[in-house]
Amino acid sequence: MRKLTFIFGLLVLWSCGKDGEKGTGNGSIDFTVKIDTMMVDSKGEILMAGSNLYMSDLSKDKRYLYKFDEKQYLLEMIDLENLELVRKIQFEKDGPNGLGTFLNFFTYISEDEYAFSSFMNSLIVNEKGERIWEFNFRNQKFEGEQLKEGEDLSPGYTFTKGKDEFYTRISNHPEHSNFIAKVNTTDNTVKRIEIPQFEKLKDFQIHMEMEGRGMMTLHPSIDFHPWNEDLIISNSIFNEVIIYKSKEDTVIGRNFESQLTPNGKTANFKTLVSSQEEMGAEYGKMNSQIEFGPFLFDEPNNRYYRLSHISKMNPDGEFENADVFLTIFDNDLQMIGETKINDYIKSPSSSHFAKGGAIWLHENVEDELGFIRIKILEN
């Protein structure tokens with residue numbers, strides 16, 4: 001812990017040049033990007049958040065980070081203001097209050113409500129592990145409108161209005177689906193919403209078909225983010241945002257033009273393969289192109305940030321470094337600035353978030369939890 005304390009005291013380990021990196025854009029804002037690195041005090045505990053932030057979420061005020069340790073069924077609560085571990089909450093795996101096995105998704109609902117999901121089921125529990133709500137993605141029977149035969153709900157979902165409503169994608173494996181679902185958990189109803197912009201994503205799916213062993217499919221990443229009373233939908237393939245207007249029940253698409261990166265991937269790979277090795281090779285071709293991250297809302301500045309990157313392969317064919325780009329959007333989702341971040345050359349992890357005028361990225365420092373902050377400063 002002596003080494004951790006030493007690093008923890010150095011809040012600024014490096015910055016993007018002496019004066020930071022100036023951003024460019026479409027004539028909107030003049031800003032500078034600076035980088036610092038921080039360490040979290042684990043209080044002498046083993047902190048699994050140090051190795052990764054898989055299955056983690058923020059509290060509504062973004063003060064606390066919750067990371068679920070799927071090996072020990074512990075929920076780690078980390079204070080991001082004081083950069084320290086606050087507590088660990090123990091849950092059961094089996095028994096009447098057990099969370100079950102093969103968990104792959106965690107969502108913070110409130111101070112005493114947490115959602116856990118597997119590929120089949122989701123449940124919300126309190127700190128004592130008592131079940132408050134349960135849901136089956138495959139066999140749920142709704143009031144009124146139903147899913148069509150062969151359709152399922154994706155376990156990757158986004159709650160809105162507390163736990164009363166969530167959005168997720170509708171799948172129809174192995175067919176491509178252009179629909180999402182709006183599920184009201186109070187009335188137990190589902191609404192199918194067609195997203196025409198999803199049609200072009202079907203060219204960026206890679207199917208692996210092996211005789212006698214079925215099929216597996218890699219899909220583009222799709223992110224949902226609440227926006228006022230509406231929903232923002234973005235994807236990793238194209239420089240765009242899709243807005244679902246809930247009251248009007250309409251879908252609006254908006255394309256952006258970058259001066260620094262391509263505005264989408266090209267389908268320069270095979271979409272049907274017959275082995276894991278071949279799937280990995282074709283996925284590598286797709287992954288070496290521009291990758292657009294999720295929209296991150298920064299409350300103090302009333303803006304959205306998004307990181308994009310282009311991964312680079314080393315001579316051995318492994319992804320090593322990346323060119324990373326920051327794009328800034330105003331609260332109306334208009335693009336107002338962009339820059340290349342020259343001093344951050346790693347592919348951003350999927351668990352990064354915006355807080356206090358900065359983007360926070362997980363950094364593993366000898367299995368201790370650290371964060372790299374990309375701070376956006378308007379000139």
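Can you find even one residue in the range 89-98 that is in a loop (DSSP other than H, G, I, E, B), under 25 Å from residue 168 (Cβ atoms), out of contact with any Ser or Thr (no Cβ under 9 Å at 6 or more places or on another chain) and at pLDDT below 95? Yes, because at least one residue in the range 89-98 is in a loop (DSSP other than H, G, I, E, B), under 25 Å from residue 168 (Cβ atoms), out of contact with any Ser or Thr (no Cβ under 9 Å at 6 or more places or on another chain) and at pLDDT below 95. Residue-level analysis places residue 286 outside the set of residues that are in contact with a Gly (Cβ under 8 Å, 6 or more places away or on another chain) and either surrounded by 14 or more Cβ atoms within 10 Å (Cβ to Cβ) or over 30 Å from residue 174 (Cα atoms) (or both).
The test for being under 30 Å from residue 281 (Cβ atoms), surrounded by 15 or more Cβ atoms within 10 Å (Cβ to Cβ) and not charged (D, E, K, R) does not hold for residue 231. Is it fair to say residue 158 is assigned to a strand (DSSP E or B), modelled with pLDDT of 90 or more and under 25 Å from residue 107 (Cα atoms)? So residue 158 fits the description; yes.
Residue check: is residue 85 touching a helix residue (DSSP H, G or I) at 6+ places or on another chain (Cβ under 9 Å), buried (at least 18 other Cβ atoms within 10 Å of the Cβ) and over 26 Å from residue 325 (Cα atoms)? Yes, satisfied.
A quick yes/no check of all residues on (1) at negative phi; (2) modelled with pLDDT of 95 or more; (3) among the polar types (S, T, N, Q):
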residue	(1), (2), (3)
235	yes, yes, yes
239	yes, yes, yes
258	yes, yes, yes
262	yes, yes, no
277	yes, no, no
283	yes, no, no
290	yes, yes, no
300	yes, no, no
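Under the condition of being farther than 20 Å from residue 249 by Cβ, within 20 Å of the chain's Cα centre (by Cα), without any contact (Cβ under 8 Å) to a residue 24 or more places away in the chain and surrounded by fewer than 14 Cβ atoms within 10 Å (Cβ to Cβ), the residues counted in the range 145-163 number 0.
Restricting attention to the range 342-379, the residues being of a type in the set (Gly, Ala, Ser) and not in a strand (DSSP E or B) number 6. Among the residues of the range 238-257, none qualifies, meaning not one is part of a loop (DSSP other than H, G, I, E, B), crowded, with 18+ Cβ neighbours inside 10 Å and among the β-branched types (Val, Ile, Thr).
Of all the residues in the range 258-283, those that are in a loop (DSSP other than H, G, I, E, B) and either buried (at least 17 other Cβ atoms within 10 Å of the Cβ) or touching a residue at least 60 places away in the same chain (Cβ under 8 Å) (or both) number 11.
Considered as a group, the residues in the range 166-223 that are under 25 Å from residue 106 (Cβ atoms) and in contact with a Pro (Cβ under 7 Å, 6 or more places away or on another chain) include one that is modelled with the highest pLDDT, and that residue is 223. Of the residues making up the range 348-379, those that are touching a Leu at 6+ places or on another chain (Cβ under 8 Å) and at positive phi number 1. Would you be able to say whether some residue in the range 318-330 is part of a strand (DSSP E or B), without any contact (Cβ under 8 Å) to a residue 60 or more places away in the chain, among the polar types (S, T, N, Q) and buried (at least 17 other Cβ atoms within 10 Å of the Cβ)? Checked against the condition, which is being part of a strand (DSSP E or B), without any contact (Cβ under 8 Å) to a residue 60 or more places away in the chain, among the polar types (S, T, N, Q) and buried (at least 17 other Cβ atoms within 10 Å of the Cβ), the range 318-330 yields no hits at all. Restricting attention to the range 308-327, the residues being within 22 Å of residue 205 (Cα to Cα) and not β-branched (Val, Ile, Thr) number 8.
For the range 62-71, does any single residue satisfy the condition of being modelled with pLDDT of 90 or more, part of a strand (DSSP E or B), of a type in the set (Lys, Arg) and in contact with a Leu (Cβ under 9 Å, 6 or more places away or on another chain)? So far as the range 62-71 goes, yes, one or more of its residues are modelled with pLDDT of 90 or more, part of a strand (DSSP E or B), of a type in the set (Lys, Arg) and in contact with a Leu (Cβ under 9 Å, 6 or more places away or on another chain). Scanning the range 164-199 for residues that are in contact with a Gly (Cβ under 9 Å, 6 or more places away or on another chain), loosely packed, with under 14 Cβ neighbours inside 10 Å and charged (D, E, K, R) yields 175, 187. I'm trying to understand the selection: among the residues of the range 101-144, which are over 22 Å from the mean Cα position of the chain (by Cα), assigned to a loop (DSSP other than H, G, I, E, B) and either modelled with pLDDT under 90 or within 14 Å of residue 168 (Cβ to Cβ) (or both)? The answer is 138, 139, 140, 141, 142, 144. Among the residues making up the range 350-379, those that are polar (S, T, N, Q) and either under 23 Å from residue 301 (Cα atoms) or buried (at least 21 other Cβ atoms within 10 Å of the Cβ) (or both) are 350, 351, 379.
Considering only residues in the range 165-197 that are free of Cβ contacts under 8 Å to residues at least 24 places away in the same chain and not in a strand (DSSP E or B), the one that is farthest from residue 152 (Cα to Cα) turns out to be 186.
The values are calculated or read from the model by the stated rules, or taken from the named source; none is laboratory data. It should be emphasised that the depicted structure is a prediction, and the values quoted were computed from it without experimental measurement. Because the Cβ atoms are built from the backbone with ideal geometry, glycine has one as well, and the counts that use them run over all protein chains shown.
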